[in-house]
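Chemist: Would you mind keeping the following structure in view while I ask a few things?
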Amino acid sequence: LRAIADATPIPIVISRQADAQILYSNANLGSAFGLPPERLIGVQASNLYHDPDYRQLLAELERRGSVHNYELRAKKADGSLFWAVVSVQPMRYAGEPALLAGFHDVTERKQAEADLQNAKAAAEESQRAAETANQTKSLFLASMSHELRTPLNAIIGYSEILQEEAESLDQPGLEHFF
């Protein structure tokens, strides 16, 4: 088991079920959490998780017996948080009940999801602004059409009267004005 765990690219930890003390961690776990694997031995597994997420993980583990692809925030040695998918399976290690956990860092995916949500919200806001602008333009054009039509009707009517009077005068040279 140790050879397989050391060879896998997945960060793996084995902790005692009774007190959550880390009994084994591979090099990839150390890299993911910012500590050499030997410094993780003896540490409480709860130190690897963001507290509320850890309690929820334990409740899910108690309820289901094992947990697969559970998203939570994990905590690096420097205290910074990152998103991970974890699977936890009960097992026996060195003759005692233990928990085997494998991690996968999904911080980039979670950031991409957040960026996508922000872009979607911005696009929806732009759409609402464009619709509002379009409604405002339509109201303006309707109002201006009425405002222009009223005086233009008088001008057109007056020009028709002038044209009729000019035609009735029967004077040469006036026809090219109309």
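The values are calculated or read from the model by the stated rules, or taken from the named source; none is laboratory data. Source: prediction; values computed, not measured. Please note: Cβ atoms are built from the backbone with ideal geometry, for glycine as well, and neighbour counts cover all protein chains shown. With ligands, DNA and RNA removed, areas are computed over all heavy atoms of the protein, side chains included. Shrake-Rupley method; radii C 1.70, N 1.55, O 1.52, S 1.80 Å.
Chemist: Just for region 33-69: of the residues that are more than 32 Å from the chain's Cα centre (by Cα) and farther than 17 Å from Gly102 by Cβ, which one is surrounded by the most Cβ atoms within 10 Å (Cβ to Cβ)?
Modeler: Within region 33-69, the subset more than 32 Å from the chain's Cα centre (by Cα) is 36-44.
Narrowing further to those that are farther than 17 Å from Gly102 by Cβ: 36, 38-39, 41-44.
Values: Pro36: 13, Glu38: 10, Arg39: 14, Ile41: 13, Gly42: 9, Val43: 18, Gln44: 12.
Selected residue: Val43.
Chemist: While we're looking at this one, here's another question. Just the residues that are assigned to a strand (DSSP E or B) and within 33 Å of the chain's Cα centre (by Cα), please, taken from region 15-32.
Modeler: Step one: filter region 15-32 for residues assigned to a strand (DSSP E or B), giving 15-16, 21-25.
Within region 15-32, Ser25 is the sole residue that qualifies.
Chemist: Are there any pairs with C-beta distances below 9 angstrom linking a residue in region 1-19 that is within 15 Å of Val86 (Cα to Cα) and open to solvent by 60 Å² or more (accessible area, probe 1.4 Å) to a residue that is of a type in the set (S, T, N, Q) and part of a helix (DSSP H, G or I), with the two at least 6 apart or on different chains, and if so which?
Modeler: That search, which allows pairs on different chains as well, returns Pro9/Asn28; Ile10/Asn28.
Chemist: Next up: Residues of region 58-88 being part of a strand (DSSP E or B) and basic (Lys, Arg), which ones? Give the derivation first.
Modeler: Looking only at region 58-88, we keep the residues that are part of a strand (DSSP E or B), and these are 67-75, 81-88.
Listed by number, the residues that qualify are Arg73, Lys75.
Chemist: Taking the options Leu81, Leu116, name whichever one is more than 25 Å from Asp6 (Cα to Cα) and at pLDDT 90 or above.
Modeler: On the way: Leu81 fails: more than 25 Å from Asp6 (Cα to Cα).
Unique residue meeting the criteria: Leu116.
Chemist: Then there's this: Filter region 97-130 down to residues that are part of a helix (DSSP H, G or I) and in contact with a Phe, Trp or Tyr (Cβ under 8 Å, 6 or more places away or on another chain), then give me how many there are. Quick ask: steps written out before the conclusion?
Modeler: From region 97-130, those part of a helix (DSSP H, G or I) are 107-130; that's our starting set.
Filter once more, so that each one left must be in contact with a Phe, Trp or Tyr (Cβ under 8 Å, 6 or more places away or on another chain): 107, 109-110.
Residues meeting the conditions: 3.
Chemist: Oh, and also: Within region 160-174, which residues are surrounded by 11 or more Cβ atoms within 10 Å (Cβ to Cβ), of a type in the set (A, V, I, L, M) and either in a helix (DSSP H, G or I) or modelled with pLDDT of 65 or more (or both)?
Modeler: Leu162, Ala166
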